[in-house]
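The values are calculated or read from the model by the stated rules, or taken from the named source; none is laboratory data. These numbers were taken from a predicted model, which means no experiment stands behind them. Virtual Cβ from ideal backbone geometry, glycine too; neighbours counted across all protein chains shown. When the accessible area is computed, the model is the full protein with side chains, heavy atoms only, and any ligands, DNA or RNA have been set aside. Shrake-Rupley method; radii C 1.70, N 1.55, O 1.52, S 1.80 Å.
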Amino acid sequence: MGERPPLEARHETPLQRADRNFAELLQELRVTQTGVQILFAFLLTLAFTQRFPSLDTAQRITYVTTLLLAMVAAALFTAPAALHRLLFQQNVKPVIVRISSRLAAAGMVVLAFAFTGSVLLVVDVSLGRTAGIAAGAGTLLVCAVLWRVLPMLVRHAVVRPRAAPGEAPDREPSERPR
C-alpha cells in the first residue's frame, strides 16, 4: 500500500470529544436498532403462525434462544440512552461514552448470534437441518468478517503505528532506527 496519511489531531476539549463521541455512537445505534426491531418483531410473530406447532424440539429451542438473543441485543442497544438519561448533567459524559461503547460492542456480538439463529431456523424449516446449520454458520461468518475482521484490516491499513517509547511519533516505520 502507499504512504499512510498523517492522523489529524482535533482541537477539542475532553468534554467536546465526549460529546462528539456520544453523538457518533448514537448515530451508529440508530442504524443497528432498526435491524434489531425488525428482527424482534419478525420473531415475535412466528409463534402465532399456523406452521409454528409443527416445529420440532430443536427448532423450538432455536426459536426461543434467538428470540431471547434479539431481546438482549435490543436491551444492549437501548441501554446507552437510559444510561445517559439517568446520569444527565452529572458531569460524567466520558464515563457514559466508555460504558455505552462497550454496551454497543456487546450488542453487536449478541446481534450476530440472533441473526445466525434466525437464518438457521428459517432455512432449517424451509430446506432441512443440514442446510440450516450451513446457512447459520455462513451468517455468523459474514457478521464476523464484516463487523470484526474488516475493521481490523482497515485500521491496520490506515492507522499509523504508534512510535516506540523515546521515538519521534512522526517518523515512518522505514525511518525508525533498528
Checklist entry - With respect to Val72, is the statement that it is more than 22 Å from Val36 (Cα to Cα) and surrounded by fewer than 20 Cβ atoms within 10 Å (Cβ to Cβ) true? => result no
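Would you check which residues across the stretch 55-90 are farther than 30 Å from Ala23 by Cβ and touching a residue at least 24 places away in the same chain (Cβ under 8 Å) and list them? Step through it out loud before you land on a result.
Step one: of the stretch 55-90, the residues farther than 30 Å from Ala23 by Cβ are 55-68.
Passing the criteria: Leu55, Ala58, Gln59, Thr62, Tyr63, Thr65, Thr66, Leu67.
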Next on the checklist: Out of Pro53, Pro80, I need the residue that is assigned to a helix (DSSP H, G or I), of a type outside the set (S, T, N, Q), at pLDDT 90 or above and surrounded by fewer than 11 Cβ atoms within 10 Å (Cβ to Cβ). Which one?
Outcome noted: Pro53
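Please verify whether the stretch 29-36 includes one or more residues that are under 23 Å from Gly138 (Cα atoms), of a type outside the set (Asp, Glu), within 14 Å of the chain's Cα centre (by Cα) and modelled with pLDDT of 95 or more.
Of the residues in the stretch 29-36, the ones under 23 Å from Gly138 (Cα atoms) are 31-36.
Now drop any that are not of a type outside the set (Asp, Glu), which leaves 31-36.
Retained after the next criterion (residues that are within 14 Å of the chain's Cα centre (by Cα)): 31-36.
When the remaining residues are screened for being modelled with pLDDT of 95 or more, the result is none.
No; the residues of the stretch 29-36 include none that is under 23 Å from Gly138 (Cα atoms), of a type outside the set (Asp, Glu), within 14 Å of the chain's Cα centre (by Cα) and modelled with pLDDT of 95 or more.
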Checklist entry - Any chance the stretch 84-101 includes a residue that's surrounded by 19 or more Cβ atoms within 10 Å (Cβ to Cβ) and among the hydrophobic types (A, V, I, L, M, F, W, C)? => result yes
Item to check | Filter result (open to solvent by 60 Å² or more (accessible area, probe 1.4 Å), out of contact with any helix residue (DSSP H, G or I) (no Cβ under 8 Å at 6 or more places or on another chain) and not hydrophobic (A, V, I, L, M, F, W, C)) within the stretch 127-150 | outcome: Thr130, Arg148
Next on the checklist: With the requirement that a residue be touching a residue at least 60 places away in the same chain (Cβ under 8 Å) and either in contact with a Leu (Cβ under 7 Å, 6 or more places away or on another chain) or of a type in the set (Gly, Ala, Ser) (or both), what does the stretch 8-31 give you?
Outcome noted: Ala18
Item to check | Condition met for Ala81 (small (Gly, Ala, Ser), more than 26 Å from Pro14 (Cα to Cα) and more than 13 Å from the chain's Cα centre (by Cα)) | outcome: no
